[in-house]
Amino acid sequence: MERKQATNMEVKKNNRNRVFRYICKHKMVSNPDISYALKMSLPTVTQLTKELLEKGFIEENGELQSTGGRRAKALSAAVNVRQAVGIDITKNHISFVLTNLTGEILNHARIFLPYKHEESYYCMVDRELEIFLDESGAEREKILGIGISFPGIINLDKKRITYSHVLGIQKIPFDAVDSYFSYPCYFMNDANAGAYAEAIGSDKTKRFFYLSLSNTVGGAVWDHHGLIQGKNFRCGEAGHMTMIPDGKLCYCGKKGCLDAYCSALLLSDMAEGKLEKFFELLKEQDQKAVDIWNTYTDFLAVALNNIRMLLDCDVILGGYVGNYIEPYLPKLWNKVSNRNTFMEEQQFVKSCRYKTGAAALGAALAVIENFVEQV
């Protein structure tokens, strides 16, 4: 009897969750709309939306236009009743994102702050966070928590940052970081966070590989409803797959890694350290920029074809370079296609949806998802 009761409660919770997600996605709906779309009885939907109204998670907004008969009440999500913060920590910068229950970016900021695993650094991040929240007009009681994105291996089982070559750290327990903040903290690898941002709220792609082309190269695998983490939480580490045996030295100390050939630094270093300026030069057909880009995309095409051969899924290009790559996709696709063994019916290489603060947003969305699952 107890098990049956628990099962009924689980079913009800699952249905309530589905209803809430549907309302969040479609913005303005009615109980009959939900009943038809989710194939639930109208009395069941009515009871679930009543509970959501009582909890303050949805709101009534007048009535929808009648299609004959009594007008249905218009329901929408109280999208800002809860919010989350994302923090993306890199070697020299931190990015902040504030988002709500629908994943809308309410504010974004990026500041220069070189990383140090020291108390002074984390205290400074906390101060900058509070300044960011003040500037965002955020009500602290609505903040669910902070998603923190790190460029390193995040071991969720052992609850620690296993290591990060970029930041020069290893075996850092989560509580050595979250103790400096006033909100619950959730940790993610930066490429995983970028993939999370791309996946949540999108119904176009069920499986994809996210290739993050920033100052370091990372990757993540998304399969239907979640990230594939791998045995040691290293799944998707494309930046350290060998492109050229005994090739160029990578920052990790090994030779020939993809990172040594497709880091964004290879582009920005010829443009006074500014990636935006590199792409301006490329647009102007500056010969040096064109030559560097051609070499860069030659190696990138090899990597993209290899990923396709292994996983047979779309590849989304994100990170710093992914923000600029869309106009150059046709030529890149030609290079990939020329290497591909199969006659692909459609292009599988795509640019990212989020051009700003993707890793910070993805980390924040993980906090939101954790909350929504409990609604």
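The values are calculated or read from the model by the stated rules, or taken from the named source; none is laboratory data. These numbers come from a predicted model, not from an experiment. Backbone-built Cβ (ideal geometry, glycine too); neighbour counts: all protein chains shown. Heads up: the accessible areas ignore ligands, DNA and RNA and are worked out on the full protein's heavy atoms, side chains in. Shrake-Rupley method; radii C 1.70, N 1.55, O 1.52, S 1.80 Å.
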Return yes or no: is Ile153 β-branched (Val, Ile, Thr) and surrounded by fewer than 23 Cβ atoms within 10 Å (Cβ to Cβ)? yes
Hits in the range 337-362 (condition: more than 27 Å from the chain's Cα centre (by Cα) and not in a loop (DSSP other than H, G, I, E, B)): Ser337, Asn338, Arg339
Here are the criteria: (1) touching a helix residue (DSSP H, G or I) at 6+ places or on another chain (Cβ under 6 Å); (2) open to solvent by 20 Å² or more (accessible area, probe 1.4 Å). Tell me which single one Gly137 does not satisfy. (1)
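Considering only the range 23-41, how many residues are of a type outside the set (Gly, Ala, Ser) and surrounded by fewer than 17 Cβ atoms within 10 Å (Cβ to Cβ)?
The initial filter retains those residues of the range 23-41 that are of a type outside the set (Gly, Ala, Ser), namely 23-29, 31-34, 36, 38-40.
Adding the requirement that they be surrounded by fewer than 17 Cβ atoms within 10 Å (Cβ to Cβ) leaves 25-28, 32, 36, 38-39.
Going through the range 23-41 one residue at a time, the tally reaches 8.
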Could you check, for the range 175-183, whether at least one of its residues is in contact with a His (Cβ under 7 Å, 6 or more places away or on another chain), on the phi < 0 side of the Ramachandran plot, modelled with pLDDT of 90 or more and open to solvent by 60 Å² or more (accessible area, probe 1.4 Å)? no
Just the residues that are surrounded by fewer than 23 Cβ atoms within 10 Å (Cβ to Cβ), within 17 Å of Ser164 (Cβ to Cβ), touching a helix residue (DSSP H, G or I) at 6+ places or on another chain (Cβ under 8 Å) and not hydrophobic (A, V, I, L, M, F, W, C), please, taken from the range 252-268. Lys254
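Which of the following residues is closer than 30 Å to Gly322 by Cβ, among the hydroxyl-bearing types (Ser, Thr, Tyr) and touching a residue at least 60 places away in the same chain (Cβ under 8 Å): Tyr115, Tyr183, Tyr122, Tyr163?
Tyr183
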When you scan the range 115-132, do you find a residue that is loosely packed, with under 13 Cβ neighbours inside 10 Å and among the small types (Gly, Ala, Ser), even just one? yes
When the range 202-225 is examined, which residues are found to be more than 17 Å from Ser351 (Cβ to Cβ) and at pLDDT below 90? Asp203, Lys206, His224, His225
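Residues are listed down the side, and each one gets a yes or a no for (1) aromatic (Phe, Trp, Tyr); (2) over 30 Å from Gly253 (Cα atoms); (3) modelled with pLDDT under 95:
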residue: Ile105; (1), (2), (3): no, yes, yes
residue: Leu113; (1), (2), (3): no, no, no
residue: Lys116; (1), (2), (3): no, no, yes
residue: Tyr121; (1), (2), (3): yes, no, no
residue: Ser136; (1), (2), (3): no, yes, no
residue: Gly152; (1), (2), (3): no, no, yes
residue: Asn155; (1), (2), (3): no, no, yes
Run down Thr99, Thr46 and say which single residue is of a type in the set (Val, Ile, Thr), open to solvent by 50 Å² or more (accessible area, probe 1.4 Å) and either in contact with a Gly (Cβ under 9 Å, 6 or more places away or on another chain) or farther than 28 Å from Tyr183 by Cβ (or both). Thr46
For the range 346-364, give me the residue count where each residue is open to solvent by 10 Å² or more (accessible area, probe 1.4 Å), at pLDDT 85 or above and closer than 18 Å to Ile87 by Cα. 4
Tell me which of these Asn100 doesn't satisfy, since it passes every other one: (1) modelled with pLDDT under 95; (2) out of contact with any Lys or Arg (no Cβ under 9 Å at 6 or more places or on another chain). (2)
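Matching residues to (1) within 13 Å of Leu211 (Cβ to Cβ); (2) basic (Lys, Arg); (3) outside any helix (DSSP H, G or I); (4) open to solvent by 10 Å² or more (accessible area, probe 1.4 Å):
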site: Thr295; (1), (2), (3), (4): no, no, no, yes
site: Ala303; (1), (2), (3), (4): yes, no, no, no
site: Asn306; (1), (2), (3), (4): yes, no, no, yes
site: Met309; (1), (2), (3), (4): no, no, no, yes
site: Ile316; (1), (2), (3), (4): yes, no, yes, yes
site: Pro327; (1), (2), (3), (4): no, no, no, yes
site: Lys331; (1), (2), (3), (4): no, yes, no, yes
site: Lys335; (1), (2), (3), (4): no, yes, no, yes
Name the strands (runs of 3 or more DSSP E) wholly within the range 202-247 that hold at least 1 residues that are in contact with a Gly (Cβ under 6 Å, 6 or more places away or on another chain) and closer than 16 Å to Val321 by Cα? 207-213, 217-223
Leu249 passes all but one of the listed conditions (1) over 20 Å from Lys355 (Cα atoms); (2) among the aliphatic types (A, V, I, L, M); (3) open to solvent by less than 40 Å² (accessible area, probe 1.4 Å); (4) more than 24 Å from the chain's Cα centre (by Cα); the exception is number (3)
